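Input: a single structure, listed below in structure tokens.
The values are calculated or read from the model by the stated rules, or taken from the named source; none is laboratory data. None of these values were measured; they are calculated from a predicted model. Don't worry about glycine lacking a Cβ; one is built from the backbone with ideal geometry, like all the others, and counts go over all protein chains shown. Protein only, heavy atoms only, side chains kept; ligands, DNA and RNA dropped before computing areas. Shrake-Rupley method; radii C 1.70, N 1.55, O 1.52, S 1.80 Å.
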Amino acid sequence: MTAALPPPPKDTDEQLRVEHTRLRRRLLYSQFQTDLDSRIRQAVGNVKADAWKPLDLTANPYLSIWQQTAVLYDVAPDVVAPAGSDPVLAALTAAGAWPLMQRVQRDTLGLREMLVRVSATAAGDLVVRPVFPDMVQVEVAASDPSRPVKIKEWLFDPTLGWVRHVYDIRDPLAPAYSVYAAAGQDVSEAILGGDFTGDAYPFRRADGTPILPWVLYHASETGCVWDPYTMREVVEGSLMLGVYLTFFGHVLRDASWPQRYVIGARVLGADTVDGEGNILAGRREVVTDPATLLEMEMDPAFSGQPLVGQWNASADPEKLLTAISMYERRILTLAGIQAPDVTRQDSDIRSGYSLAVSREQVRTLQRVYEPQFRRGDLQLIALAAALLNRATGSDYDEDSAAYRITYQGLPKSAGEVLAELAEIKARTDAGLLGPVTAYVELNPGTPYAEAFERVVAARMESAEVDAEVVARGAPLPLPTV
């Protein structure tokens, strides 16, 4: 995230949404040092915050959770296009859409929404660009609060600074694509090189219907365009974990050993130093060693018997670390991941990936997320087809329902595959599961009609082989070892 940001929205609710989304984005991209420092100062004040430093940035559950559960695109999905539209899929592959979706899914889960801007060239190439939701403002149709009809995106121009690209199809008869400077003046001519309003609006389907060249991905369907605050507890918990681990580091350095004191005496050779070890002003220090003799002298201002002693350690690091570990597990629970589905990979809690989500829990979450991302991906493919048709004069199918996508997700281990096959075979042999349904369970996303044809083809192939074996006589003996 760049230090310079576009002007904030004028609407208060929209401004709060943008600010909170940027906090989530800083967590997802490990740029939350300033947020953690502010949270510590808010909790304990400036004096203690300075004593606790350095900040502990090694634990970031918010990144770890979504990094581990965003697995739909770890293997490129299997996409089937209708006859004649395969070049659309080839163009998306060439544009790196599916590897890009690995990051888009993670950010969608963390930010709750992500946008993808698609553009096409006359040469038939596609550009797929992810856009963070805090960089756009959206207006929706009155009849459908989840369907954008106007999108305004901030982009930085080297000459003009921050400019806002506005895509507007609220009036299908007068769509517009314009660019405005931060002060509000129209700079479309300078940025776009012309006027793209009305009939000149470039983003349309084959029948001339204006469209927005955007796809909006959702972590879950809410019926609204934005869902920015869901799982805010996990955001807050991740920051507080950083607070507690910073305190834990302070305990290890400064409070896990007995505090010594002297009454009526002074240690010889002690220098007055500051917090950085510079001999200026601050506490008095002397470096001790078991092989040296610590010299002391009577304080002339004290008339009693000198006394040297110590208090017990201020904190027990082991107990403190155990409490922090329980807090981290609570954060995962808030994210919908139960404790039995989590294992520790590292004895150091401060590792960002110390708690690993089980493979079965990841697959469960994958099934939860899959419908939302399938909907977005099919819209992406249909949008790419429409833009390619407009740019190249082609005739690819623009109906999202005409395409089919199957996700590979997290690959199963050999043992998991064998266990699944054994379970399905037992259900099939018991008459509880038909062969077509079994095929669909083994190949999620396959339409029933297609699965039926594949099972029939497999049975016919097997019957033909058996018939040929009978025709040729006894089968050949197996080779001996």
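General remarks:
- Flag for Asp395 being open to solvent by 70 Å² or more (accessible area, probe 1.4 Å), of a type in the set (Asp, Glu) and in contact (Cβ under 8 Å) with a residue 40 or more places away in the chain: yes
- For the condition over 30 Å from Arg112 (Cβ atoms) and modelled with pLDDT of 95 or more, Ser188 qualifies.
- Within region 274-286, the set of residues being within 22 Å of Val308 (Cα to Cα) and at pLDDT below 70 comprises Gly282, Arg283, Arg284, Glu285.
- Taken over region 189-224, the criterion of being under 30 Å from the mean Cα position of the chain (by Cα) and buried (at least 18 other Cβ atoms within 10 Å of the Cβ) is satisfied by Phe203, Ile211, Leu212, Pro213, Trp214, Val215, Leu216, Tyr217, His218, Ala219.
- Number of residues in region 370-429 that are among the hydroxyl-bearing types (Ser, Thr, Tyr) and either part of a helix (DSSP H, G or I) or farther than 24 Å from Ala70 by Cα (or both): the value is 5.
- The residue of region 345-369 that is modelled with the highest pLDDT, among those that are within 30 Å of Ala402 (Cβ to Cβ) and crowded, with 18+ Cβ neighbours inside 10 Å, is Tyr369.
- Selection count, region 1-19, where residues are open to solvent by 70 Å² or more (accessible area, probe 1.4 Å), in a helix (DSSP H, G or I) and under 30 Å from Gln68 (Cβ atoms): 2
- Helices (runs of 4 or more DSSP H) contained entirely in region 20-100, each with at least 2 residues that are touching a Leu at 6+ places or on another chain (Cβ under 8 Å), open to solvent by less than 40 Å² (accessible area, probe 1.4 Å) and within 30 Å of Glu398 (Cα to Cα): 86-94
- Residue within region 421-441 that is buried (at least 16 other Cβ atoms within 10 Å of the Cβ) and closer than 23 Å to Arg103 by Cβ present: no
- Which numbered condition Trp52 misses (of (1) in contact with a helix residue (DSSP H, G or I) (Cβ under 9 Å, 6 or more places away or on another chain); (2) modelled with pLDDT of 90 or more): (2)
- Leu307, sole failed condition from (1) over 26 Å from Met231 (Cα atoms); (2) surrounded by 14 or more Cβ atoms within 10 Å (Cβ to Cβ); (3) modelled with pLDDT of 80 or more: (2)
- Here region 125-160 is the region considered, the condition is being modelled with pLDDT of 95 or more and outside any strand (DSSP E or B), and the residue that is surrounded by the fewest Cβ atoms within 10 Å (Cβ to Cβ) is Asp125.
- Residues in region 450-462 that are out of contact with any helix residue (DSSP H, G or I) (no Cβ under 8 Å at 6 or more places or on another chain), open to solvent by less than 70 Å² (accessible area, probe 1.4 Å) and more than 30 Å from Thr69 (Cβ to Cβ): Val456, Ala457, Ala458, Ser462.
- Of the residues Ala449, Ala457, Ala463, the single one that is in a helix (DSSP H, G or I), modelled with pLDDT of 85 or more, over 23 Å from Leu365 (Cβ atoms) and under 39 Å from the mean Cα position of the chain (by Cα) is Ala449.
- The condition (being in contact with a helix residue (DSSP H, G or I) (Cβ under 9 Å, 6 or more places away or on another chain), over 17 Å from Phe373 (Cβ atoms) and touching a residue at least 60 places away in the same chain (Cβ under 8 Å)) is satisfied by just one residue among Ser178, Ser119: Ser119.
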